[in-house]
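The values are calculated or read from the model by the stated rules, or taken from the named source; none is laboratory data. Keep in mind the model is a prediction, meaning the values are calculated, not measured. Note that each Cβ is placed from the backbone with ideal geometry, even for glycine, and that neighbours are counted across all protein chains shown. Accessible surface is based on the protein model in full, side chains and every heavy atom, while ligands, DNA and RNA are left aside. Shrake-Rupley method; radii C 1.70, N 1.55, O 1.52, S 1.80 Å.
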Amino acid sequence: MAMQLKPFTLRLGQSQPRNLNFPNKHQIVTRCSLRDSVSNTHNHKLVHQFNPKIPIEEAVTPPTSWYTDPSFFHLELHRIFYTGWQVVGSTEQIKDALDFFTGRLGDVEFVVCRDESGKVRAFHNVCRHHASLLASGSGQKSCFVCPYHGWTYGLNGALLKANRISGMRDFNVKDFGLIPIKVATWGPFVLVNLEKESLSQNEVDSHNVASEWLGSCSEILSTNGVDSSLSYVCRREYTIECNWKVFCDNYLDGGYHVPYAHKGLASGLKLDSYSISMFERVSIQSCESNSGKSEENYDRLGRKAIYAFIYPNFMINRYGPWMDTNLVLPLGPNKCQVVFDYYLDHSLKDDKDYIENSLQDSEIVQMEDIVLCEGVQKGLQSPAYCVGRYAPRVEQAMHHFHCLLYENLTK
């Protein structure tokens, strides 16, 4: 028996809207509120499983849920990364007028650029028309043209052109510029502040930024060679199958793991000289080099290595003629990306053999750390582990980090 097909015709404006069983607005809000309430209660319990008031000699580490729970990860994004100043790149990426670079922090897509006048600006990298990502990668542009429908924006964020919008009512072009993000530079670093009250593009006072971001140790870092006088060398990126805090914890264990996991590096350091200093949002670990071991290690490490951790996810390593930085970007409960930028004393910037050998030594250390961090993440997901303990004499910086996390998460 043949089936007769009747054509379907949509007649706009000729029939009453049908009830398609969509929940009404009140029901949606109620359900979302209930869901948020359950999530908030759950996260509240997880946060308070760590007690920062217990002295390190008696304290246990945060529970495994801090490193594996998806809802806890989203809480971290909002309470830790969407507040305050966050490093997102290097001034080398926006060295000249019209330079730009893009990035992502949590769910926030951003673009940073230097406009025609030399002013550094940052915006949400989202077209105001239908939410397409506007720019990608890095390079130079005189304007941002949306790849979807061609809406065009100046480097000051203003909407310059919107195609085929005749007939659109109540449209003010001034209301549809890119959404700005507060941006600043300190030394060779570019920082953004994603807080909603920070939408103004007014000039940012670098002294205030240093005070908010680094607290009382900004001068200490400056006097120890963290400045813009070094030559930029290169960038390397590593995607690691671990929670972002696992990488930070590994960095903050006071050199505890170095003689076991980094035997090559350990041979160039006097590990018994390791010292740790803690400030409001910064911890600084330092160690003298073992210059008697080999001339090669002495050249690379210098007389003293300084490892500065800036809460929540940025590390500055200063040793010999080198400085490298590690930016730990959260990609999910069990994944992060670590971005390494390398800087070198200007006198050595053309010594290709020296640079290649030094970067090879650094790469060995990074590969060793990746194995450690991914192994820890697997252990955290095992039912055999819940909480651990601190080694009081070497893991003070790690405990300090966890206390700062607790402070942010309970605000």
By what distance, in whole Å, do the Cα atoms of segment 350-411 stretch along each of the three principal axes, largest value first? 49, 29, 26
Taking the Cα atoms only, what angle lies between the long axis of helix 352-380 and the longest principal axis of the chain, rounded to 10 degrees? 70 degrees
Net charge near residue 389, counting Lys/Arg +1 and Asp/Glu -1 over other residues with Cβ under 15 Å of its Cβ? -4
Taking the chain as the reference, fit the longest principal axis to its C-alpha atoms, fit the long axis of helix 396-409 to the helix C-alpha atoms, and give the angle between the two in degrees, 0 to 90, nearest 10. 20 degrees
Exposed-site-free run, longest, the chain (rule: chymotrypsin sites (Phe, Trp or Tyr not before Pro); DSSP loop; at most 14 other C-beta within 10 Å): 172-384
For the chain, averaging the sequence separation of alpha carbon pairs under 8 Å that lie six or more residues apart and dividing by its residue count, the contact order in percent is 17 percent
Hey, what does the equivalent ellipsoid look like for segment 57-207, semi-axes from the Cα gyration tensor as sqrt of 5 times each eigenvalue, largest first, whole Å? 32, 20, 14
So which of 45/411; 245/349; 141/245; 95/349; 182/335; 141/161 end up more than 24 Å apart by C-alpha? 245/349; 141/245; 182/335
Cα centroid of segment 34-96 to Cα centroid of segment 202-243, whole Å: 21 Å
Name the residue from 316, 305, 329 whose Cα lies farthest towards the positive end of the charge dipole of the chain, charges +1 on Cβ of Lys and Arg and -1 on Cβ of Asp and Glu. 329
Could you report the chain's accessible area per residue, 1.4 Å probe, as an integer in Å²? 54 Å²
Rounded to two decimal places and with Rh computed the Kirkwood way over Cα pairs, what is Rg over Rh for segment 174-259? 1.05
Using a Gaussian network model on the chain with a 10 Å cutoff between Cα atoms, which of 98, 348, 134 fluctuates the most? 348
Any residue on another chain or 5+ positions along whose placed amide H is under 5 Å from the amide H of residue 134 is listed here as 126, 127
What is the percent of Cα-Cα separations in the chain that go past 41 Å? 26 percent
Hey, got the dipole for segment 164-251? About the Cα centre, +1 on K and R Cβ, -1 on D and E Cβ, debye to the nearest 20? 460 debye
